[in-house]
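The values are calculated or read from the model by the stated rules, or taken from the named source; none is laboratory data. What you are looking at is a predicted structure, and each value in this text was computed from that prediction instead of being measured. A quick note on method: Cβ atoms are made from the backbone with ideal geometry, for glycine too, and the neighbour counts reach across all protein chains shown.
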Protein chains: 2
Amino acid sequence: MNAPDSFSQLLARTREPFPASAKSFITGSRPDLRVPVRDIRLTNGEVVSVYDTSGPYTDPAATIDVRRGLQSVRGAWIEERGDSEVYEGRKPVALDDGQRSEDAARLAALRLEAAALQRQPRRAKAGANVTQMHYARRGIVTPEMEYVALRENGRREWMAQYLQDAAREKRLAGNPLGASIPQVITPEFVRDEVARGRAIIPANINHPEVEPMAIGRNFLVKINANIGNSAVTSSIEEEVEKLVWAIRWGADNVMDLSTGKNIHTTRDWIVRNSPVPIGTVPIYQALEKVGGIAEDLTWEIFRDTLVEQAEQGVDYFTIHAGVRLAYIHLTAARRTGIVSRGGSIMAKWCMAHHKESFLYEHFEDICDIMKQYDVAFSLGDGLRPGCASDANDEAQFAELHTLGELTQVAWKHDVQTMIEGPGHVPMHMIQANMTEQLKTCHEAPFYTLGPLTIDIAPGYDHIASAIGAAMIGWMGTAMLCYVTPKEHLGLPDRDDVKQGIIAYKIAAHAADVAKGHPGARARDDALSQARFDFRWQDQFNLGLDPETAQEYHDETLPKDAAKVAHFCSMCGPKFCSMKITQEVREFAQQGLQEKAAEFNRAGGELYVPIHPVRG
Amino acid sequence: MNAPDSFSQLLARTREPFPASAKSFITGSRPDLRVPVRDIRLTNGEVVSVYDTSGPYTDPAATIDVRRGLQSVRGAWIEERGDSEVYEGRKPVALDDGQRSEDAARLAALRLEAAALQRQPRRAKAGANVTQMHYARRGIVTPEMEYVALRENGRREWMAQYLQDAAREKRLAGNPLGASIPQVITPEFVRDEVARGRAIIPANINHPEVEPMAIGRNFLVKINANIGNSAVTSSIEEEVEKLVWAIRWGADNVMDLSTGKNIHTTRDWIVRNSPVPIGTVPIYQALEKVGGIAEDLTWEIFRDTLVEQAEQGVDYFTIHAGVRLAYIHLTAARRTGIVSRGGSIMAKWCMAHHKESFLYEHFEDICDIMKQYDVAFSLGDGLRPGCASDANDEAQFAELHTLGELTQVAWKHDVQTMIEGPGHVPMHMIQANMTEQLKTCHEAPFYTLGPLTIDIAPGYDHIASAIGAAMIGWMGTAMLCYVTPKEHLGLPDRDDVKQGIIAYKIAAHAADVAKGHPGARARDDALSQARFDFRWQDQFNLGLDPETAQEYHDETLPKDAAKVAHFCSMCGPKFCSMKITQEVREFAQQGLQEKAAEFNRAGGELYVPIHPVRG
């Protein structure tokens, strides 16, 4: 069996819709504005509709050919705006795939396949600015903004009952900690958030396949999954399948962190097949072009790489422009120094030349490129702490301050910007990160890696970091970069990617519930109701991972009858507290009627006055 | 292969010491006061010594025969006090193993084996009170208290360097949120904490095998693992092996929640083989004695069960005495009603008889039993919320208030007491639980189940709840009851128990680090230092699960050479940020000397003033 065949088979399995689920669409103000949701049909006739990141892959009606790439979603919108044009583009060169070459025949074959994917690149017409921020600031509500609004709201109909509960009981409202989340997200609200820089919609005009989404503290908390090949392992086929796998489980964004061979060609495959925004760290590819010698990097090579990737359709670039020469010595006394790859490359460059970072020096030139394609900045935290004892130190906050300065430079060019954050931060030091970021970076979206709350959990860092991620998400972080169980140890495989994503969906959802995002808790309520009603199948299907839930249940009670049984293996048939509760409830209703008077006399004085509870 | 043989083999594997680890002892003021620690020998010659819950099982020098039970640790201390005596004890009856009987021959065989384990029961002499709280309040520092002090401190020698760092940099101090953790725990401090009810040392005089430990907000955060057979699955052999397995991975306490067959005999096996305190929910066994019919429960049957279990050596009882008749109707409008098994049994009893709970009515009688054996109360939260939308409601807080009243009754009898807490609580509602508990229950230790922060993660509830557990642990919860991936779905198997424990060790350690428990972060620092130095083996061995860490690393880089390689599979040999950092550091040191003047001129004005950071 050759690789493409085995890949197709794997992909076919990955494309299966979730149990009892069907993709449907919310149509906007124009017929080509169709926002996907996943409708979960419950056994009691209810339909619960959830946010869907999986793209056309889970739509049985969609024809997928990874060798041709996905259908365009936004092509017409981009074209209609009339401010961009197709052009010849940069000439590809052999070095684009790095110095570490694949054997020539194989690389040629891979490139031939990638060639079928090519779209003619597009960029802003001379003097034009095609960023969503630029439109927003001129008062234009783009289809992308409307798409985002519909997507954030989802189908409110099914949530109505749960939303009423929340409105009735103050106890059930969230605590947004400074976020301003409206009951219903309007396209105008999206525009306003993008205009003021509090949200971004990563959507390169060369990535028309993307299903627009927003990253901002007044929207649902998003998660990012990293994939990418490496010098040591993995293949292009594996990487594309990882993308599809990652968005199946809920990744809102994917970063391609490839550092090894075939780096350009890998990216072609990923972008053309991705319905979610793709981010990269362009310095990785630039370094491949100079044979891995940081000192040999130049602005020209870097600049050329930015154009190359912008033409391919990358939606955001991590740029470590805050790693300034003057900050490097601040890391010398750290326990783990500089742990960001991009940060350490730039630090080495700065030290070797004893010059200010070319990323910082050329930041406005970079903005000029970004705005021609609508690539967003993800301003990299090259000096983030790599362990608990380096957290919140002078180096980290010096860089953050610079990122705040650069945010204002980017905004001058109407370039969308988010800010990367740590890393390794004990729980009691997390709030300071958020507070400092909000203040220093003018509410530009924060995008943190975890943070990991402890260092002693190698093999379980997805858990150690989900704790920090949930907390900082609640405090205002807009997107959480996942951590897999393999963090610090090796490259994640398929299952690790899934484990990392599920842990981060939990963190993001916990944050949404705590913030009181309208409708977030409605899914919890629907699941808990199913649990109480012994609708086992609904309980599985409403969860983040129906297959695993069902599998775990079936390990001890595999029979089909147990799916409707009013007990589970934990307590057995006689001992189920939920079953007893239902009896108590019936009892209470009868009993209360009969005994109402008695209760009032005897029990009335037993009631304990409850002090009002915050939150 | 018969079951005992396969069990012995499994146990032999479970008994293997952790890699590079050896058990050693800190000796106290008397030669029989020997506190175990696990010394991890690093490849650089350092020794890192960590808290050890695994008992004699990981000591190759110890002879273990599960059919005879463990050696006594505290026997002499108990005897020397001269306030208790051996007595004949309650006569065992067939019903002790429940109505659902095993086939007679097998039960007889099991009982015969259990008979070899029996210790003659001991209780307080007439009028005496043998609780640690009673001693503490009379100013007596018991060997148990000294043991706890030594255990909490651990070997401070190896931490000295890390503790100095923390003392130097204010940034590295924790935020105890109201806890008062001294730099060094003295036996007198332990006495004082126990005397004022802020900590308990669960240590039934009939459990002399126990290695004393403390539960209190000014000590390390502890975790509890639940095991137990069930009507549907599992066997005694499995359950005892689960105990050894659970303490191997770090369970500080184990609750035996058996509800099925052979309930008395199972407990004999567990207690006699447990170096950690064992808790139970006596109402479960009482219910077995009345054939599972809650209405048929009586105070007499319950009382007899308490004596039975106290004689066996159970260290704490969960008693749901706060489920009062008047509160039951408060649960009728809940989404998931009453989810505590004990709570629902008592609710049913109260409703059926329309009478106040016999647990509440007989609370002082229960205290009289507890103090004769030093069984601690774990006042059960029978009305805890079973889903996010029931969190922090009137029923929950009404019960908590009653638990506060009962705490004061228990303390009148010098009976050690902790308070159980939820359950399902979204992040923004967690603080209210801790605040209300501290206020209502007079700082008696809080012992929470999670809480789970969301409901939509069946199959991953260990993660959904570790988030809440870490947060509430930081806020002041003294012990965290674990949740396994099988929660809500089925009975945990061996691997689920491990997954649950590791998730909770992470939560507890994250809380210790955030609170600033002296030395807690030292282990993180040692691991991160090993990581930075590319001492891979040390990195694995210092983690919570060395085997998994090494296994994950070896999946991509299996060769032995990779264990000392200055890179890993994530970035490959040329691209390691840690390696680059080390180069930068050397560079910076050279460079800074040469360029000092230049730096001061050119870089001096680039330094960004850092705002002071809280925490």
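Flag set for A:Tyr135, criterion: assigned to a helix (DSSP H, G or I) and either touching a Pro at 6+ places or on another chain (Cβ under 6 Å) or modelled with pLDDT of 95 or more (or both).
Against the list (1) of a type in the set (Asp, Glu); (2) buried (at least 24 other Cβ atoms within 10 Å of the Cβ); (3) at pLDDT 95 or above, the condition B:Glu311 fails is (2). Within region B:30-58, the residues that satisfy the criterion of being buried (at least 18 other Cβ atoms within 10 Å of the Cβ) and of a type in the set (S, T, N, Q) are B:Ser49, B:Thr53, B:Ser54, B:Thr58.
Restricting A:Arg335, A:Arg303 to residues that are of a type in the set (Lys, Arg) and outside any helix (DSSP H, G or I) narrows the list to A:Arg335. Here B:Phe377 passes the criteria (1) within 14 Å of another protein chain (Cβ to nearest Cβ); (2) outside any helix (DSSP H, G or I); (3) in contact with a Leu (Cβ under 9 Å, 6 or more places away or on another chain); (4) surrounded by 24 or more Cβ atoms within 10 Å (Cβ to Cβ) except the one numbered (1). Consider region A:398-423 and keep the residues that are within 8 Å of chain B (Cβ to nearest Cβ) and touching a helix residue (DSSP H, G or I) at 6+ places or on another chain (Cβ under 6 Å). The one that is surrounded by the fewest Cβ atoms within 10 Å (Cβ to Cβ) is A:His401. Examine region B:318-330 for a residue that is over 25 Å from B:Asn224 (Cα atoms), assigned to a loop (DSSP other than H, G, I, E, B), at pLDDT below 95 and within 14 Å of chain A (Cβ to nearest Cβ), and state whether such a residue exists. No: zero hits. When the residues of region A:498-556 are filtered to those that are among the hydroxyl-bearing types (Ser, Thr, Tyr) and touching a residue at least 12 places away in the same chain (Cβ under 8 Å), the one that is nearest to A:Ala469 (Cα to Cα) is A:Tyr504.
Go through the residues of region B:39-48 one by one and say whether even a single one is at pLDDT 95 or above and closer than 24 Å to B:Pro277 by Cα. Yes, region B:39-48 contains at least one residue that is at pLDDT 95 or above and closer than 24 Å to B:Pro277 by Cα. Tell me yes or no: at least one residue of region B:150-162 is at pLDDT 95 or above and either touching a His at 6+ places or on another chain (Cβ under 7 Å) or over 19 Å from B:Val513 (Cα atoms) (or both). Looking for residues that are at pLDDT 95 or above and either touching a His at 6+ places or on another chain (Cβ under 7 Å) or over 19 Å from B:Val513 (Cα atoms) (or both), one finds at least one in region B:150-162, hence yes.
Within region B:19-29, can one find any residue that is in contact with a Ser or Thr (Cβ under 7 Å, 6 or more places away or on another chain) and under 14 Å from B:Asn541 (Cα atoms)?
no
For A:Thr53, the conditions (1) of a type in the set (S, T, N, Q); (2) closer than 30 Å to A:Ala526 by Cα; (3) without any contact (Cβ under 8 Å) to a residue 12 or more places away in the chain all hold with the exception of (3).
Please verify whether region B:162-183 includes one or more residues that are over 23 Å from the mean Cα position of the chain (by Cα), in a loop (DSSP other than H, G, I, E, B) and within 14 Å of chain A (Cβ to nearest Cβ). Yes: region B:162-183 contains one or more residues that are over 23 Å from the mean Cα position of the chain (by Cα), in a loop (DSSP other than H, G, I, E, B) and within 14 Å of chain A (Cβ to nearest Cβ).
Filtering B:Thr435, B:Thr440, B:Thr407 for residues that are farther than 20 Å from A:Arg171 by Cβ and either among the hydroxyl-bearing types (Ser, Thr, Tyr) or modelled with pLDDT under 95 (or both) leaves a single hit, B:Thr407. Scanning region A:250-267 for residues that are farther than 19 Å from A:Gln99 by Cβ and in contact (Cβ under 8 Å) with a residue 60 or more places away in the chain yields A:Gly250, A:Ala251, A:Asp252, A:Asn253, A:Met255. Annotation for region A:90-106: no member residue is of a type in the set (Ser, Thr, Tyr), surrounded by 13 or more Cβ atoms within 10 Å (Cβ to Cβ) and at pLDDT 90 or above. Among the residues of region A:446-476, those that are part of a loop (DSSP other than H, G, I, E, B) and facing another protein chain (nearest Cβ under 7 Å) comprise A:Thr453, A:Ile454, A:Asp455, A:Ile456, A:Ala457, A:Pro458, A:Gly459, A:Tyr460.
Table: residues versus (1) at pLDDT 95 or above; (2) over 24 Å from B:Pro422 (Cα atoms); (3) in contact with a strand residue (DSSP E or B) (Cβ under 7 Å, 6 or more places away or on another chain).
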site: B:Gly292; (1), (2), (3): no, yes, no
site: B:Asp296; (1), (2), (3): yes, yes, no
site: B:His354; (1), (2), (3): no, yes, no
site: B:Ser357; (1), (2), (3): yes, no, no
site: B:Asp368; (1), (2), (3): yes, yes, no
site: B:Val375; (1), (2), (3): yes, no, yes
site: B:Cys387; (1), (2), (3): yes, no, yes
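A search for C-beta distances below 6 Å between a residue of region A:339-360 that is more than 7 Å from every other protein chain (Cβ to nearest Cβ) and any residue that is in a helix (DSSP H, G or I) and charged (D, E, K, R), counting only pairs 6+ apart in sequence or on different chains, returns A:Ala352/A:Glu295. Answer with yes or no whether B:Arg90 is outside any helix (DSSP H, G or I), basic (Lys, Arg), in contact (Cβ under 8 Å) with a residue 40 or more places away in the chain and more than 21 Å from B:Glu241 (Cβ to Cβ). So B:Arg90 fits the description; yes. Can you work out which of the residues in region A:60-81 that are in a loop (DSSP other than H, G, I, E, B) and without any contact (Cβ under 8 Å) to a residue 40 or more places away in the chain is surrounded by the most Cβ atoms within 10 Å (Cβ to Cβ)? Only one residue fits best here, namely A:Ala62.
When you go through B:Ile502, B:Ile506, B:Ile456 one by one, which is the residue that is among the β-branched types (Val, Ile, Thr) and more than 21 Å from B:Asp252 (Cα to Cα)? Steps first, answer last, please.
Numbers: B:Ile502 fails: more than 21 Å from B:Asp252 (Cα to Cα); B:Ile506 fails: more than 21 Å from B:Asp252 (Cα to Cα).
Result: B:Ile456 is the single residue among B:Ile502, B:Ile506, B:Ile456 that is among the β-branched types (Val, Ile, Thr) and more than 21 Å from B:Asp252 (Cα to Cα).
Note on region A:274-303: residues that are within 14 Å of chain B (Cβ to nearest Cβ) and within 30 Å of A:Asp65 (Cβ to Cβ) amount to 4. Starting from region A:155-181, take each residue that is farther than 19 Å from A:Ala510 by Cα and list its partners that are assigned to a loop (DSSP other than H, G, I, E, B), counting only C-beta distances under 7 angstrom and pairs at least six apart or across chains. From region A:155-181, the pairs are A:Arg156/A:Gly519; A:Trp158/A:Glu46. B:Glu443 falls short on exactly one of the conditions (1) among the charged types (D, E, K, R); (2) at the interface with chain A (Cβ under 9 Å from one of its Cβ atoms); (3) surrounded by fewer than 24 Cβ atoms within 10 Å (Cβ to Cβ), and that condition is (2). Residues in region B:40-91 that are among the basic types (Lys, Arg) and in contact with a strand residue (DSSP E or B) (Cβ under 6 Å, 6 or more places away or on another chain): B:Arg41 alone.
Please verify whether A:Ile247 is crowded, with 24+ Cβ neighbours inside 10 Å and either under 22 Å from A:Cys367 (Cβ atoms) or without any contact (Cβ under 8 Å) to a residue 60 or more places away in the chain (or both), treating the condition exactly as stated. Here the answer is no, as A:Ile247 does not meet what is asked.
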